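In what follows, a structure is listed as structure tokens, so that the remarks can point back to it.
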Amino acid sequence: MSASQTSDVPTLLVKIFGRDRPGLTAGLFDTLAAYSVDVVDIEQVVTRGRITLCALVTEPPHGLAGDLRVTVHGWAQSMKMQAEIISGHGDNRPRGVGRSLVTVLGHPLTAESTAGIASRITAVGGNIDRIFRLAKYPVTAVEFAVSGASTEALRTELATASAALGVDIAVVSAGLHRRAQRLVVMDVDSTLIQDEVIELFAAHAGCEEQVAEVTAAAMGGELDFEQSLHARVALLAGLDASVVEKVRSEVRLTPGARTLIRTLKRLGYQVGVVSGGFTQVTDDLKERLGLDFAQANTLEIVDGKLTGRVTGEIVDRAGKARLLRRFAAEAGVPLSQTVAIGDGANDLDMLNAAGLGVAFNAKPVVREAAHTAVNVPFLDTVLYLLGVTRDEVEAADIHDEDSVQV
Ligand SMILES: [Mg+2]
């Protein structure tokens, strides 16, 4: 342990504030260098062109602290900056046990909801160590690094508050665990895509309304999924197989879906989909989007017509959780490091089995049971819950465009 890390060593907190421009940090440390001080801690933030630079340094030897003050103030004045120098001892207080990251998505993020979040963090014994904006588009995403409270306690306190506060909040444990997340598994209907695929088929069969009623009951958890699947598929009997191609072309991706998948792939994640819909559509999506895994039910087609039956393993609520485990095993990723995203009651087992379960614009029954909920209609906002910043997304896109031109 160096001298500057012990709590009784005199230290100076040097803070400068003002209009940001090149050379400020170099200028301050050039000024400090004349006094042979060591840097204990340093933080710099730029907000709307204003810089706040804080340096915690050891007190200079030979009683030169007063001289340092005068010199730093003089330098700051010449740069039209405000300076503050506070004497004290040692380093920052040790942070409390338990590190979590609280990510807040606001659309907009109001001062009132920010106050509510901060007071709830305090209420469970948490201390906010750092606040950082991840994104300003398409939502305002802010990450709070919190110590002193358990992730579970924060999750419980903030999950119940998010609806009242009008924001989406995700709480994850900080540290290496999050960086190790390497598999994202998504539901398809009303998650990856805006449509319910069976309703697209039903429109061609002229039974859209009947199917939509059964779908709503199943997704709200009022009806057993497998029963509802068989009942709905039976209504499609006799439909010409050529509608498969039409339905594929009608599918509308959710805004942000391509950005989410492209960015995840670039970061080294494996990405899969599980669907209570049909392989006739998910196989196509897998191909188009470069997904690693896709599994769904298969519509039986005999002599160029849909028979009104499905074949193979049924992908229902339990099936989706089973597939998450299977994909994780194949990807070599522990279940605790997976992320699952879905909107329906048949996604709940999968959401709860994953390390992070995200209810995406979900039915209330799903929203209440999941780890976290996203209620803005942009799928790429899930990236912020994983700690990816908008700048990183855009920088990678620019890099890709450059690559294409080469
Ligand atoms: Mg769905």
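The values are calculated or read from the model by the stated rules, or taken from the named source; none is laboratory data. What you see is a predicted model; the values in this text were computed from it and never measured. Neighbour counts run over all protein chains shown; Cβ positions are idealised from the backbone, glycine included.
Determine whether Val243 is modelled with pLDDT of 95 or more and touching an Asp or Glu at 6+ places or on another chain (Cβ under 9 Å). Spelling it out, it is not the case that Val243 is modelled with pLDDT of 95 or more and touching an Asp or Glu at 6+ places or on another chain (Cβ under 9 Å). Across region 368-385, the qualifying residues are those that are within 16 Å of the ligand (Cβ to nearest atom) and in contact (Cβ under 8 Å) with a residue 24 or more places away in the chain, and the one among them that is farthest from Ala217 (Cα to Cα) is Val382. If you filter region 326-367 down to residues that are in a loop (DSSP other than H, G, I, E, B), more than 13 Å from the ligand (Cβ to nearest atom) and at pLDDT 90 or above, you find that the one that is farthest from the chain's Cα centre (by Cα) is Gly332. Just so you know, in region 266-282 the residues that are surrounded by 24 or more Cβ atoms within 10 Å (Cβ to Cβ) and hydroxyl-bearing (Ser, Thr, Tyr) include one that is nearest to the ligand (Cβ to nearest atom), and it is Ser275. Only residues that are surrounded by fewer than 18 Cβ atoms within 10 Å (Cβ to Cβ) and under 34 Å from the mean Cα position of the chain (by Cα) were counted in region 228-255, giving 8.
Answer yes if at least one residue in region 91-107 is in contact with a Lys or Arg (Cβ under 6 Å, 6 or more places away or on another chain), buried (at least 19 other Cβ atoms within 10 Å of the Cβ) and within 25 Å of Asn375 (Cα to Cα), and no otherwise. No, because not a single residue in region 91-107 is in contact with a Lys or Arg (Cβ under 6 Å, 6 or more places away or on another chain), buried (at least 19 other Cβ atoms within 10 Å of the Cβ) and within 25 Å of Asn375 (Cα to Cα). Would region 64-83 turn up any residue that is closer than 30 Å to Leu158 by Cβ and not in a loop (DSSP other than H, G, I, E, B)? Taking every residue of region 64-83 in turn, none turns out to be closer than 30 Å to Leu158 by Cβ and not in a loop (DSSP other than H, G, I, E, B). All but one of (1) within 16 Å of the ligand (Cβ to nearest atom); (2) part of a helix (DSSP H, G or I) hold for Val244, so report the exception by its number. Against the list (1) within 16 Å of the ligand (Cβ to nearest atom); (2) part of a helix (DSSP H, G or I), Val244 comes up short only on (1).
Taking the conditions exactly as written (within 21 Å of Arg130 (Cα to Cα) and within 33 Å of the chain's Cα centre (by Cα)), does Arg48 satisfy them or not? Spelling it out, Arg48 is indeed within 21 Å of Arg130 (Cα to Cα) and within 33 Å of the chain's Cα centre (by Cα). Is one or more of the residues making up region 203-216 away from the ligand (no atom under 16 Å from the Cβ) and in contact with a strand residue (DSSP E or B) (Cβ under 6 Å, 6 or more places away or on another chain)? No, region 203-216 contains no residue that is away from the ligand (no atom under 16 Å from the Cβ) and in contact with a strand residue (DSSP E or B) (Cβ under 6 Å, 6 or more places away or on another chain).
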